[in-house]
Every structure is written in structure tokens, then in C-alpha cells.
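Report on one structure; see the data block that follows.
The values are calculated or read from the model by the stated rules, or taken from the named source; none is laboratory data. As the structure is a computational prediction, the values presented were derived from the model and not from experiment. Every residue, glycine as well, gets a Cβ built from its backbone with ideal geometry; the counts of neighbours run over all protein chains shown.
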Amino acid sequence: MRVNPAIVLLMSFLVDRCLELGLSFLCLGRVSLVHQSRMNLIYPRFTLRQFGWILVFSLSGAVIAGVYGIIHDQITFNLGPEYFMEFKFQQFFYLSKSQPEWLIVAEIGFLATWWVGFFAGWFMGRLTIPHLPIKRATKQSL
């Protein structure tokens, strides 16, 4: 099989740029042959310290998403409370009805969104922390 020299030059250029930027985890497949350690997405290997940082990323993502959900649902409730009265209050029937409505709406907003941020933070931490210093991983993830 004949390989085009221009493609080989382009691939080596891309690998060099990835490595210079600290983004070695982006060099997957054939391109990663230049890089010594290839990331295993199915069976990850990271230290307990790295796992702790990944968990911190996850919890931070959950808090950020939860706050977004609270703010979003407060605005939505002020614009059209019928949506909450007819649908959301029945969907989250287990929440205490003795609280003010704005607090129930805030709880609904947090409970509906925290898990998205948790998984987003987990995947961002999973992809950046094993390959970058903590400060750089945090900067690139945010």
C-alpha cells in the first residue's frame, strides 16, 4: 500500500501540535503511534489522587448544573407557572408542599439538572486529568 507523503507530513504535524499543547489524549488511532502512552477509554488507569480530582470535577459540574437549573426554573416559573402547576409538581410529588412555591421550584430545578453536570464533569476530568497537570486540566475544562 502506497502512502501519500503529504498525509504523513500532515499527521506528524498534527501530533506535534497536540503534544505541544498538552492534548496528547486527542491523538487517537494511527496518529497516536508517535505518542508512547495511549489512553484506554474502556479500562482507565489512573491513581487514587487522580480519581479524587475527577470526583472533584464531577461534584463541581453537579453544583454548576444545579445552580443553572435553579435559576432557569425560577425564570420559567415567573413567566408561566402553569407548567409547574400542571406538570412539574406532579412529577416531583415527593417534595414537601409546606414550603413556599419558589423553594419547591428551586428544588425541582436542582434535582432535574445536577446529574447532567455530574456526568459532564466526570467525562471532562476523565479526559484531561490523567494527561495534564491539575491547573491546566482545570483551566481547559472550564
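Can you run down the residue pairs with Cβ atoms below 8 Å, 6 or more apart or on separate chains, where the first is in the range 51-71 and under 16 Å from residue 105 (Cα atoms) and in the same structural domain as residue 126 (by TED's automatic domain parsing) and the partner is among the hydroxyl-bearing types (Ser, Thr, Tyr) and buried (at least 18 other Cβ atoms within 10 Å of the Cβ)?
Sorted first by the residue in the range 51-71, then by its partner, the pairs are 65/113; 66/113; 68/113; 69/113.
Only one of (1) crowded, with 20+ Cβ neighbours inside 10 Å; (2) in contact (Cβ under 8 Å) with a residue 60 or more places away in the chain; (3) under 12 Å from the mean Cα position of the chain (by Cα) fails for residue 129. Which number is that?
Residue 129 satisfies all of (1) crowded, with 20+ Cβ neighbours inside 10 Å; (2) in contact (Cβ under 8 Å) with a residue 60 or more places away in the chain; (3) under 12 Å from the mean Cα position of the chain (by Cα) except (3).
State yes or no: is residue 52 surrounded by 14 or more Cβ atoms within 10 Å (Cβ to Cβ) and at pLDDT 90 or above?
no
Given the residues 104, 108, which is the only one that is farther than 27 Å from residue 55 by Cβ and either of a type in the set (Val, Ile, Thr) or assigned to a helix (DSSP H, G or I) (or both)?
104
Say we look at the range 116-126 and pick out the residues that are in contact (Cβ under 8 Å) with a residue 24 or more places away in the chain and surrounded by fewer than 17 Cβ atoms within 10 Å (Cβ to Cβ); which of these is nearest to residue 69 (Cα to Cα)?
Result: 116.
Restricting the search to the range 46-67, which residues are in a helix (DSSP H, G or I), of a type in the set (S, T, N, Q) and over 15 Å from the mean Cα position of the chain (by Cα)?
Answer for the range 46-67, where residues must be in a helix (DSSP H, G or I), of a type in the set (S, T, N, Q) and over 15 Å from the mean Cα position of the chain (by Cα): just 50.
Give the residues of the range 55-75 that are buried (at least 16 other Cβ atoms within 10 Å of the Cβ) and more than 15 Å from residue 124 (Cα to Cα), sorted by residue number.
66, 67, 68, 69, 70, 73
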